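Okay, so here's the structure we're looking at.
Values in this text are rule-based calculations from the coordinates and carry no lab data. Owing to the predicted nature of the structure, the values given are computational and were not obtained by experimental measurement. When we count neighbours, we look across all protein chains shown, and the Cβ atoms used for this are built from the backbone with ideal geometry, even at glycine.
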Amino acid sequence: MALPQGQARLELWLSLALFLLLLVILLGQGTWPKERALLSPSLVGVQFRQAINNAHARWMLRQTSASAPAARREELGLESNALGWPQPTGGCLRLWRQLLGPESLALLAPTPPRFVEGLHCEYGLQGGGILTYYPATGSVITNL
């Protein structure tokens, strides 16, 4: 039994549209930007700076309580210096993970973070640029 001409044409167009949609999905998987690339390096710098400042604020609050002076570690396992700035005791990568969580590792470039001359941590970022953290002072600099 033959389909009416209008219905056959509609089925042809729908089949063609479905084929094109599948083609775009399959070809686009490797070429379209992933979610992690949507975050700009400057935004990642803001998030890291916020995490550093939050950890420092928690340290300062603990210093005002009676039991806090004996404790240098906070609930996240962060080690702080005498001024309360988080230290990369277990390495720069560990510090990043403690501050921003393990899922944030996707924001880093493939090259591992490094502790340069015992002075600062350098983090390469996915979108380009370098984030530098100075644990002695709590300074965070983002170079785009």
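The table that follows gives values for the structure above.
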item	result
Cα gyration tensor category, rounded, prolate or oblate, for the range 38-143 with a/c compared to 1.5	prolate
Karplus-derived 3J(HN,Hα), 6.51/-1.76/1.60, for each residue of the range 126-143, Hz, glycine and proline x	4, x, x, x, 10, 9, 10, 10, 9, x, 5, 10, x, 6, 10, 10, 10, 9
Inter-label distance, nm, simple model (7 Å from Cα along the C-beta direction), Leu83/Gln63	1.0
³J(HN,Hα) computed for each position of the range 109-121 - Karplus, 6.51 cos²θ - 1.76 cosθ + 1.60, integer Hz, glycine/proline x	5, x, 6, x, x, 9, 9, 8, 6, x, 10, 8, 9
